Amino acid sequence: MADRWQAGQAHDESARLAIATRRCQKPRDFPVCPFPKGAHLVSASHGPAQPRRFVAKGPLTGRIRVPGDKSISHRSIMLGALAVGETRVTGLLEGEDVLATAAAMRAMGATIERQVDGDWLVAGVGVGGLMQPAGALDMGNSGTSTRLLLGLVASHSITACFTGDASLSKRPMGRVIAPLSAMGAAFTPYPGGRLPLIVTGAHVPVPITYRLPVPSAQVKSAVLLAGLNTPGVTTVIEPVPTRDHSERMLRGFGADLTVTTDADGARVISLVGQPELRPQMITVPGDPSSAAFFVVAALLVPGSDLIIENVGLNTTRAALFDVLRLMGGHIEPLNPREVGGEQVADLHVRASTLHGITVDPAVVPAMVDEFPVLFVAAALANGRTVTSGLEELRVKESDRIATMHTALTLAGAKVEETPDGMIIEGSGGRALPGSGETAIATHLDHRIAMAMAVAGLASDRGVTVDDTRPIATSFPMFEHLLETTGAA
């Protein structure tokens, strides 16, 4: 009976998406959007699941390099597509999320091609030059692509239909719809402010001053990107700092952007609209969110001694490494340097005895994506770890608090879910029992899959992840790199 109910629920969900997508396509016949040449794109929600049991095979050793930063990769494609001339991007993350952004910008007129040497060339259309897409813009599983591109379209007099997979279609878009509507854009979303969604950009967009009600780099960036083609000055007030890649890159492309601090200590970000953006040479540093999985694995697996090269250490992104050091982790930056306006270093990580701490909620914006793997580290530490202020995790690709609570419990960890976080009683350094052949439900969430893969490396019986396909959205080389280090 339960199986029939679940099958019926899945059928209803598929039917809902199909009907909504047809409605989304009603104004014109939308063909499938093209993807970059040479891209092997596998949707996280199609085809048979690919389960895998991750077990410890040995310590992590040697030197590795993680793929390019996802946030910077998205923005380099978008701003390159709005510049006048040709932008070259080295080290672009070629995961599904970034390829979805590239496909969307190509559908709106930019020329985006991967070169033989692995670099990407982006020939832009200029600010205000986006064209009406001939087809629906399929965002796959990418919330970043969706929210930032909604910002770009909102100030262009074009109409675009945004669709996504089953996971993305459950995520709320109201946070960006509200400020972008105030700038003059019109939205027709599925009930609940979700995809599929039609947006018609403002014919004459209006600049706004918008105070973020909750910390969100995506909402901030969406408003700023909308401000590019809006006459006048668009201002975002940010009471709690979030990752600042958009501000750095907008300045790098030549936008007139200033950041000040008001009397309450909030960041005030002001952008003068309708600039002529200049093409750039961009080198994308390694993604700290991807490096996080290998850092935690190397801390937990006995005998590990690993160097992770070229990791971006932007202070608005790298708080996880500071937290792990507070827990006793050996993480030493080597050869610190600046690459393309971003702080970068190689990280030397050794197996360490961790101890539990109370994590300051103030660091959440600077490590919001890294909490699933931090929960794994805490599960093997000495003593108790307490986290709070994590409400944002409940509206990610999955409810990451609930999902990690269930997953870690199945793996044998002692965890307690709270409304805004998790309380974890560490194992004292002893390996977790593991889930064995019993599969952990990842809910198509790439970070859950990778976090529980790391848990498997620090367990007696291994941890089985129900589906490894979602990992390709952000880290296609994850499993290969694990094998390179000798850990799997």
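At a Förster distance of 41 Å, what's the computed FRET efficiency of LEU121 paired with THR484, Cβ-Cβ distance as r, to 0.05?
It comes out at approximately 0.90.
How many nm separate the modelled label positions at GLU391 and MET281, each set 7 Å beyond the Cα in the direction of the Cβ?
4.6 nm
Could you run the Karplus curve 6.51 cos²θ - 1.76 cosθ + 1.60 with θ = phi - 60° over the range 331-341 and give me ³J(HN,Hα) per residue in whole Hz, x for Gly and Pro?
So the Karplus estimates, Gly and Pro as x, are 9, 10, x, 10, 6, x, 7, 10, 10, x, x Hz.
Obtain the nm distance between the two label points defined at ASP256 and ASP360 by a simple spin-label model: each point lies 7 Å from its Cα along the Cα-to-C-beta direction.
It works out to 3.7 nm between the two label points.
Below 8 Å between Cα atoms, with a sequence gap of 6+, how large is the relative contact order for the chain in percent?
In percent, rounded to a whole number, it is 18.
For LEU60, list long-range residues whose amide hydrogen, built 1.01 Å from N in the peptide plane, is under 5 Å from its own amide hydrogen.
It is SER304, ASP305, by chain and number.
Explain nothing, just the number: dipole magnitude of the range 70-272 about its Cα centre with +1 on each Lys and Arg Cβ and -1 on each Asp and Glu Cβ, in debye rounded to the nearest 20.
400 debye
Computed from these coordinates, which is Kirkwood radius over Cα pairs in Å: (1) 22.8; (2) 24.7; (3) 22.1?
So the calculated entry is the one marked (1).
Would you kindly derive the ³J(HN,Hα) couplings of the range 228-243 from the backbone phi angles with the Karplus curve 6.51 cos²θ - 1.76 cosθ + 1.60 (θ = phi - 60°), listing them in order in whole Hz, with x for Gly and Pro?
4, 9, 10, x, x, 10, 9, 10, 10, 9, 10, x, 10, x, 10, 3
Using modelled amide H (1.01 Å from N, peptide plane; none on Pro or chain starts), what sits under 5 Å from the amide H of ASP460, excluding residues fewer than 5 places away?
The answer is LEU432, GLY434.
Once you charge only the Cβ atoms, +1 for Lys and Arg and -1 for Asp and Glu, what is the size of the charge dipole of the chain about its Cα centre, to the nearest 20 debye?
680 debye
HN-Hα J couplings of the range 79-85 from phi, Karplus 6.51/-1.76/1.60, θ = phi - 60°, integer Hz, Gly and Pro as x?
Whole-Hz 3J(HN,Hα) from phi for the range 79-85: 6, x, 6, 9, 7, 9, x.
Could you pull out the GluC sites (Glu not before Pro) across the range 375-471 that fall in loop regions by DSSP (anything but H, G, I, E, B) with no more than 12 other Cβ atoms inside 10 Å?
Sites meeting the loop and neighbour criteria: GLU437.
Rounded to the nearest 0.05, what FRET efficiency do THR418 and ASP460 have when you use their Cβ-Cβ distance and R0 = 30 Å?
Calculated transfer efficiency: 0.60.
Given GLY95, PRO179, GLY128, which one lies farthest toward the positive end of the charge dipole of the range 70-272, if we put +1 on the Cβ of every Lys and Arg and -1 on the Cβ of every Asp and Glu?
PRO179
Quick one: length gained pulling ARG384 to ALA402 fully straight, 0.36 nm per residue minus the C-alpha distance?
Result for the pair: 4.6 nm of gain on full extension.
Using only the Cα atoms of the range 181-240, build the gyration tensor, take square roots of its eigenvalues as a ≥ b ≥ c, and label the shape rounded, prolate or oblate: rounded if a/c is under 1.5, else prolate if a/b is larger than b/c, else oblate.
Since a/c reaches 1.5 but b/c is at least a/b, the shape of the range 181-240 is classed as oblate.
What spacing in nm lies between the two simple spin-label points modelled at ARG337 and VAL268, each 7 Å away from Cα in the Cβ direction?
For ARG337 paired with VAL268, the spin-label model returns 3.9 nm.
Read-outs: derived from the displayed coordinates by stated rules, not from any lab. Computed from a prediction, not measured in an experiment: that's the story for all the values here. Reconstructed Cβ throughout: ideal geometry from the backbone, glycine too, with neighbour counts over all protein chains shown.
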